[in-house]
Structure formats: structure tokens, C-alpha cells
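Notes follow once the structure below has been shown.
Just so you know, all these numbers are worked out from the coordinates, no wet-lab data involved. It should be emphasised that the depicted structure is a prediction, and the values quoted were computed from it without experimental measurement. FYI the Cβ positions are ideal-geometry reconstructions off the backbone, even for glycines, and counts take in every protein chain you see.
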Ligand SMILES: [Fe+2]
């Protein structure tokens, strides 16, 4: 992100690229150029109340899909970027996409499909979409929820989609994005529908009120009472009761187990340390991934990387770089295209307060406690952002 935004969520998007190639590392950044780059005073919503989906902060995540790179932000269309990170423009899927796209679409590693949703201030408040591997929007289904809420992520398993209907509700529209606040009355539900399903297919399961920004993974397994859907998330017990400036009480790893046949749902804590930005090996999205990685204690000047054993139940492993070092999201990079789940690296940006600069830090995923295997000192600070992605680029593309 860049600029002087008042809130972590409202800065203009800047994409940072760290390229490991030919035994060296290069770095570049580019501002994502949207209408707000030219005129930041443009309102998001017209006087008639229609949102302009091309007015985007483009500041939340990066998607590599169907041969292109996109900058994402949940209140707008994706912005397509060129190979040098130059902005090519908003992408509405040939005019078919009429809602925003979440910054956390789920790319199925088996089919190449992109499952995603968009939420809105007016009805339909929530729409579920599927695009095929060629980027053609094949399915759009409005999903009935009782009001406009902030929906940041979703779950995707081999056969199902999980939608989050949680009590952080839209209160008003500011010039560039909505405002939200906690509601004691809205309720909290998970909506389960088959891939490619509709509103009529959606089964809702009530859960304890909470907020979930991020789903670590979602997968199916055979339980004692039949097939189950397991979804592991980072869960806030509540969020933004007294404004959106603080993310408290802390969030921690949490598990939902949904009985597909029984209709029962159970929820439980997996750990009690404060974490965010959970990631897995993206090649296992929707499958039973064993390992998840997250950042501990976002609001503390010292942070650590945490590795969770989601299937084996062994104790989490952590590593800190000491006071004054703040980790960003850990992105798993496999050592090869066909390597095993745990065979690879965690790549993250770390802010080093002693130098007022950022480092690219690389850990071996299976030896996190031994510390970094490589550090690249960048010549400047990379402002705190949100999410990144790994793109395996063929040599012929360079
Ligand atoms: Fe996110």
C-alpha cells in the first residue's frame, strides 16, 4: 500500500514483486493505477446510489489466474496487471461480472476453476460466482442473507463452498469504501452449498457470534456420523464494537466441523495464541493439508511465524527475529512443482525497525525453528500490506 490513509484498509494499492531467478533476486514495485490514482476525490457511489466497480483501492491481494496477474480489493472489480506490473485495467469478465470480487477467491488446484463471491450494500447483498479455468464466468447465484455485511473470505473443499454470514454489518458509505460495525443482533451463520450451487441449495448452520477474516483451509473427511466438512479459520470472538481502529480481542486458530449428513456443527479452538494471515500450500486448497502457517501478534513490535500441524496435532512451532522485527504474511513456495507438501520455503516480508527498512526473509518450511535460510535486505521500507502469492514463472517467460 502507499499514501497516507487513515486506516490500514484504505491505502492505495501498490504491488511489490520479489523475483528469484538465475541465482539472484530483483525487486520492483508499481502503484496500481485506478480512477482514484488520477482523482482521489471521486466518490465510490453515484448520486443515484450505484457503486462504480472500477473505483478500486486494489490494495488487498494478488491473484494469478488464467495466465494473468490481478490486484484485488473486495469492493471492486479485479485490476489486471501486465508482466512488468503495469496496470492494464479493470476486469469484468467480458461484461458478465456485475459485482465486486472478493480479495480471497479460491482457485481449485484440480479443476483450475475460480470460486468467488461479491458483496454489496444493496440487494442482492451476496452473490456466488464460478469462472472456468479460461477465465469465463460460468455461474452467478444471488445468495439470500438478511443484510449487508463485511465478507472477506470463503471456504472451498472438493465438493462444497462455505460462505460466511457474520455480524460485522455495513453502517454507512464513506467516499471510497463502506464503514462497518459489530452487531449484537445480526447473528452468525455458515452457508454450505455444493460447488456451482444456488440459493436453494444453501444450508445454513448457526455458529457462535464471531468474525472471520481468513479461512486457512477447508476439506472433507469421513466422520463417525458420516461425511464431514472441516474448516480451519482465524477467528475473532468479536470485532469493531467500538470502531474499526483496533483488532481486539485477539484472533486465534479455530475449527468448525460440519456434519454433511447429520446436520450438526461443532466448533473448537485449535490454539490460543494470537495470529492472523493463515496460509497453506496452495496446491492443497480444498484437500486435507497438514501444515498451516501464520503470523503471531500483529499489534506487537515483535512478531513470529507460527506453523500449525492441522492433522497430526503436534505442538505449533514458532520463530521470531527478535524485537523490532515484524513479519508479514508467510507465503509457501514449493521446492518443485511436484514436491511434497512440506518440501519448500516460507517467504515473507519483515519490517526491521532498527534499519527502518524491510527484508525478504526465507525459512525452510520443515525447519522453521532453525531460523531463516536467506535474507534479502531491501533498500527501503515496504509499507505493511496484506497478501501475496507465489508465481512459478517458466524461464521462457523472462
Ligand atoms: Fe485478507
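Stokes-Einstein D for region 65-168 at 25 °C, 0.890 mPa s, Kirkwood Rh over Cα pairs, in µm²/s?
174
One Cα centroid belongs to region 63-118, the other to region 321-398; the line between them spans 24 Å.
The residues 212, 265, 151, when put in order of fewest to most other Cβ atoms within 10 Å, stand as 265, 151, 212. Distance between the pseudo-spin-label points of residue 309 and residue 284 (7 Å out from Cα toward the beta carbon): 1.3 nm. Here is how the number arises for the chain: DSSP H runs of 4 or more residues each give -39500 (n - 2.57), the sum is divided by the residue count, and the result at 222 nm is 0 deg cm²/dmol. Taking other C-beta atoms within 10 Å as the exposure proxy, 19, 210, 218 rank 19, 210, 218 from fewest upward. The share of Cα pairs per 5 Å bin across region 290-398, counted from zero up to the longest distance, runs 2, 12, 21, 24, 19, 12, 7, 3, 0 percent.
Eigenvalues of the Cα gyration tensor times 5, then square-rooted: what semi-axes does that give for region 219-310, in whole angstrom, largest first? Don't jump to the answer; show the numbers that get you there.
Details: eigenvalues 147, 59, 18 Å².
Semi-axes (√(5λ), whole Å): 27, 17, 10.
For region 119-270, the square roots a ≥ b ≥ c of the C-alpha gyration tensor eigenvalues yield an a/c of 1.5 or more together with a/b not exceeding b/c, which makes the shape oblate. Along its three principal directions, the equivalent ellipsoid of region 233-279 from the Cα gyration tensor extends over semi-axes of 25, 13, 8 Å, largest first. Comparing region 1-91 with the 2.2 N^0.38 Å rule of thumb, its C-alpha radius of gyration ratio is 1.17 (two decimals). When only Cα pairs below 8 angstrom with a gap of at least 6 residues are kept, region 119-270 shows a relative contact order of 16 percent.
In Å³ and rounded to a whole number, note down the convex hull volume per residue for the Cα atoms of region 107-158.
Working: hull volume 4.4 nm³, N = 52.
Dividing the Cα hull volume of region 107-158 by its residues yields 84 Å³.
If you average over every viewing direction, what projected area does the convex hull of the Cα atoms of the chain give, in nm²? Let's see the in-between values first.
Numbers: hull surface 76.0 nm².
Reported value for the Cα convex hull: 19.0 nm².
Provide, as a two-decimal number, the C-alpha radius of gyration of region 336-398 over 2.2 N^0.38 Å, N being how many residues it has.
Numbers: Rg = 13.9 Å, N = 63, 2.2 N^0.38 = 10.6 Å.
Cα Rg divided by the expected 2.2 N^0.38 Å: 1.31.
Note: relative contact order over the chain, using C-alpha pairs below 8 Å and six or more positions apart, is 9 percent.
Please compute the Kirkwood hydrodynamic radius over region 259-309, one decimal place, Å, based on all pairs of different Cα atoms. Spell out each step's value before the answer.
Numbers: mean 1/r = 0.0766 Å⁻¹.
Value: 13.1 Å, from the Cα pair sum.
Given that compact globular proteins tend to follow 2.2 N^0.38 Å, what is the ratio of the alpha-carbon Rg of region 56-126 to that value? Kindly include the intermediate steps, with their values, before the conclusion.
Details: Rg = 12.0 Å, N = 71, 2.2 N^0.38 = 11.1 Å.
After normalising by residue count via 2.2 N^0.38 Å, the value is 1.08.
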